[in-house]
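Heads up: the structure comes next, in structure tokens.
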Amino acid sequence: MYMVESKVGAIGCMLLSLFFLGTWPALLTMLERRGRLPQHTYLDYSFTNFLGAIIIAVTFGEFGRSTVDKPDFLTQLTQDNWPSILFAVAGGVVLSLGNLSTQYAWAFVGLSVTEVVTASITVVIGTTMNYFLDGKINRAEILFPGVGCFLIAVFLAAAVHESNAADNKSKLSLLSSDPKDEERLYDNSMFDGKYTSSATKDVEDLSTIEEEMPEFGTADFLIDLENRRSIKVLGKSTFIGLGITFFAGACLSLFSPAFNLATNDQWHALKDGVPHLTVYTAFFFFSLSCFIIAMILNITFLYRPVLDLPKSSIKAYLSDWNGRKWALLAGLLCGFGNGLQFMGGQAAGYAAADAVQALPLVSTFWGILLFGEYRRSSRRTYIYLASMLLMFIVAVSVLMASAGQRTAEELQSSTH
């Protein structure tokens with residue numbers, strides 16, 4: 001199998017992972033804003049996310065000759081390594097719950113703030129756990145100030161959301177008292193309680209859609225967005241979105257430590273002589289459990305939707321091709337992004353690999369470029385936003401600077 005053994009190679013994996021993991025949320029957000037049901041989108045995403053794990057396992061995991069100390073992916077499927085597999089499965093379960101929650105949080109809180117809060121919670125909790133699980137190979141005097149910067153970013157993100165929500169409320173309050181405006185604001189007749197793919201605009205032709213949209217940041221834009229999107233958010237409490245976001249962050253903070261335990265067996269759960277799970281085998285089971293949970297929850301949500309979404313069905317999902325290619329692409333990006341993060345973490349330490357939680361920098365770029373987030377907002381909102389992003393840049397730089405490197409003995413000692 002192929003293993004990343006150098007610090008440079010590990011950082012390369014992290015940077016590529018950072019781009020992938022920061023881009024796929026923008027694709028799912030785009031589809032929700034165009035009216036596609038999140039259940040349909042997440043089902044498509046889940047198939048290719050698992051496909052990415054299979055591709056990585058049967059390529060990198062089968063590279064070279066299999067040995068007793070370094071078994072390949074297929075060899076490990078027959079070994080008695082269930083304790084480690086269960087850790088990988090647990091990691092996949094919490095990741096699936098976290099990612100599914102963020103899909104709803106994006107609608108309420110916005111792409112940028114959601115990603116900042118969840119990523120910061122992930123670093124504050126998950127990175128601290130990984131530091132101790134990795135045998136303190138990262139430089140604590142650098143690592144923990146970086147964790148502190150992420151924590152500050154959480155509070156700045158909450159301030160951004162509160163300020164931007166006030167800006168939007170102010171814009172809507174300036175609308176004329178024309179009954180047509182009131183009618184437009186609460187026009188949900190396009191779904192009539194049940195979803196059909198014809199109820200949405202054709203999200204394949206993005207250029208046509210952008211031409212039809214009002215100018216970013218205006219009250220007309222906010223009303224048009226509310227009537228297009230599948231999750232209706234105007235008039236609902238901001239605490240709903242923040243609650244979902246913090247729940248997602250708590251779930252996402254646990255998946256990397258669980259994966260760390262699966263591949264390094266710090267708690268000595270494996271029998272003597274049984275090789276540790278390789279990154280590729282652990283990632284396969286991790287993604288398998290993530291896929292199963294996603295299938296169960298989203299099929300349930302088709303018939304018992306949450307947050308006042310319209311009902312759907314398996315038949316409606318299968319016939320809904322609007323934007324499907326973007327959802328499938330998002331799944332591949334997330335699958336490869338997670339795989340690269342774990343490959344880099346095995347070499348440089350999972351605490352340092354959590355630097356990919358800088359993904360909000362990428363997501364914010366897409367949020368502003370594609371969705372017009374924070375256009376025509378107040379100066380206070382811009383100050384909070386700039387401060388949040390600056391603190392994130394500092395935090396990520398510090399976290400990467402703390403990267404250690406496992407010794408050759410640690411990389412090669414896969415048996416007890």
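The values are calculated or read from the model by the stated rules, or taken from the named source; none is laboratory data. Please read these numbers as outputs of a predicted model, since none were measured by experiment. Here the Cβ is made from the backbone with ideal geometry for all residues, glycine too, and neighbour counts use every protein chain on show. The accessibility values were calculated without ligands, DNA or RNA, using every heavy atom of the protein model including side chains. Shrake-Rupley method; radii C 1.70, N 1.55, O 1.52, S 1.80 Å.
Divide the volume of the convex hull around the Cα atoms of the range 95-162 by the residue count and you get 75 Å³ per residue.
In the distance distribution for the range 1-106, Cα-Cα pairs more than 17 Å apart total 67 percent. Note on F20: accessible area approximately 40 square angstrom, rounded to 10, probe 1.4 Å, nucleic acids and ligands left out.
In this structure L172 has an accessible area near 40 Å², from a 1.4 Å probe over the protein heavy atoms.
Heavy-atom accessible surface of M343, to the nearest 10 Å², is about 10 Å², with a 1.4 Å probe and all protein chains retained. In this structure, the residue pairs whose Cα-Cα separation is over 27 Å, taken from K169/K315; K171/K311; K232/K315; K236/K325; K169/K232; K169/K311, are K169/K315; K171/K311; K236/K325; K169/K311. With protein chains left intact and a 1.4 Å probe, residues in the range 54-158 average 38 Å² of accessible area per residue. Of W326, W106, the residue with the largest accessible area leads and the full order is W326, W106 (1.4 Å probe). Note on I383 and W82: the extension gain reaches 103.3 nm, defined as 0.36 nm multiplied by sequence separation minus the Cα-Cα distance. Working from label points 7 Å from Cα in the Cα-to-Cβ sense, the I314 to A166 distance is 5.0 nm. Taking every Cα-Cα distance in the range 280-338 and sorting them into 5 Å bins from zero, the calculated P(r) comes out as 4, 14, 19, 23, 20, 13, 6, 1 percent.
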